[in-house]
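What follows is a short report on a single structure.
The values are calculated or read from the model by the stated rules, or taken from the named source; none is laboratory data. Since the model is a prediction, treat every value here as computed from it, not as a measurement. All Cβ positions, glycine included, derive from the backbone under ideal geometry; neighbour counts span all protein chains shown.
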Amino acid sequence: MTLLAAEGLTKRFGGVVAANGVSFALEPGEMLAMIGPNGAGKSTTFNMVGGQLRPDAGRVTLAGQDVTNTPPRALCRLGVGRSFQVAQTFLSFTVVGNVQMALIAHQRQTRQMLSDAAALHRDAALALLDRVGMAAQADRPIGELAYGDVKRVELAIALAGAPRLLLMDEPTAGMAPSERAALMALVAGIARRERIGVLFTEHDMDSVFAHADRILVLVRGEIIARGSPEDVRADPEVQRVYLGQ
Ligand code: ADP
Ligand code: MG
């Protein structure tokens, strides 16, 4: 069954139509990239799917269930995860401690229990770190890690909620190109093996074309092209409007 469907998502900000009838579907295990110039409406679309923005029109369904306007916390319980930011991790805590806290948060316990985090869920947290190749660094403070490794831990934190859909709006922002490619390769491997659907944006076109199964090209709030990386790369409209060729 289709994991995520967006139908006719539309959002206006004053006179700007940030998204205009955006429709797409995402299957389990699929890497779907949304690309387009700055201001194209990518984040607006993400935020409507992720429940942070209320669409003016359109519908979002998750495995057939209408989730339009469902708040992020409720979406999380339905299996929608998102990429986290560095600021949301706790730099003085260990790598494994951060993941244990994420596991606890997903059990809807309170932040007052953070002091107990070290004793809880260590094995589960280590298993998550193993999935992102970070188990060997479990007991280092997260603040000591290289930026690319922090991003891997953040992926483990996103996986702590056992998502079936991951929303990643520019997950590699601030990373060096080689680190970007490595993180996207990691995400793609996990998505395919574990049948998690991933909707992502990424500025590095090499990573997009290497790791997306399908690509949506958004320009001024509208999808102007969609298809496999090969089809999108060859599309004359994409070359003219977006790739500047
Ligand atoms: P992208 O993520 O593709 O760069 P955005 O979705 O952030 O594009 O923005 C699409 C358009 O909507 C832009 O013209 C932007 O200025 C406008 N926009 C986005 N968010 C807001 C907002 N909260 N208020 C007003 N205008 C916004
Ligand atoms: Mg954006």
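Entry remark, region 1-21: residues being within 18 Å of the chain's Cα centre (by Cα) and in a strand (DSSP E or B) number 3 in total. The residue that is nearest to ligand 2 (Cβ to nearest atom), counting only those in region 167-181 that are among the aliphatic types (A, V, I, L, M) and more than 19 Å from residue 47 (Cβ to Cβ), is 175.
Among the residues making up region 48-69, those that are within 18 Å of the chain's Cα centre (by Cα) and either in contact (Cβ under 8 Å) with a residue 60 or more places away in the chain or within 24 Å of residue 240 (Cβ to Cβ) (or both) are 49, 50, 62, 63.
Here residue 178 clears all of (1) modelled with pLDDT under 90; (2) hydroxyl-bearing (Ser, Thr, Tyr); (3) touching a Phe, Trp or Tyr at 6+ places or on another chain (Cβ under 8 Å) except the condition numbered (3).
Conditions tested, residue by residue: (1) within 16 Å of ligand 2 (Cβ to nearest atom); (2) modelled with pLDDT under 95; (3) not in a helix (DSSP H, G or I).
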{"residue": "37", "(1), (2), (3)": "yes, yes, yes"}
{"residue": "58", "(1), (2), (3)": "no, no, yes"}
{"residue": "61", "(1), (2), (3)": "no, no, yes"}
{"residue": "69", "(1), (2), (3)": "no, no, yes"}
{"residue": "91", "(1), (2), (3)": "no, yes, yes"}
{"residue": "96", "(1), (2), (3)": "no, yes, no"}
{"residue": "99", "(1), (2), (3)": "no, yes, no"}
{"residue": "108", "(1), (2), (3)": "no, yes, yes"}
{"residue": "114", "(1), (2), (3)": "no, yes, no"}
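Filtering region 1-20 to residues that are within 27 Å of residue 211 (Cβ to Cβ) and not acidic (Asp, Glu) leaves 1, 2, 3, 4, 5, 6, 9, 18, 19.
Give 181, 138 a once-over and let me know the one that is hydrophobic (A, V, I, L, M, F, W, C), in contact with a helix residue (DSSP H, G or I) (Cβ under 6 Å, 6 or more places away or on another chain) and free of Cβ contacts under 8 Å to residues at least 40 places away in the same chain. Of the residues listed, the single one that is hydrophobic (A, V, I, L, M, F, W, C), in contact with a helix residue (DSSP H, G or I) (Cβ under 6 Å, 6 or more places away or on another chain) and free of Cβ contacts under 8 Å to residues at least 40 places away in the same chain is 181. Filtered by the rule that a residue be within 16 Å of ligand 1 (Cβ to nearest atom), crowded, with 21+ Cβ neighbours inside 10 Å and part of a loop (DSSP other than H, G, I, E, B), region 165-197 gives 171, 172.
Every condition in (1) assigned by TED's automatic domain parsing to the domain that holds residue 91; (2) among the hydrophobic types (A, V, I, L, M, F, W, C); (3) crowded, with 18+ Cβ neighbours inside 10 Å holds for residue 127 except the one numbered (3).
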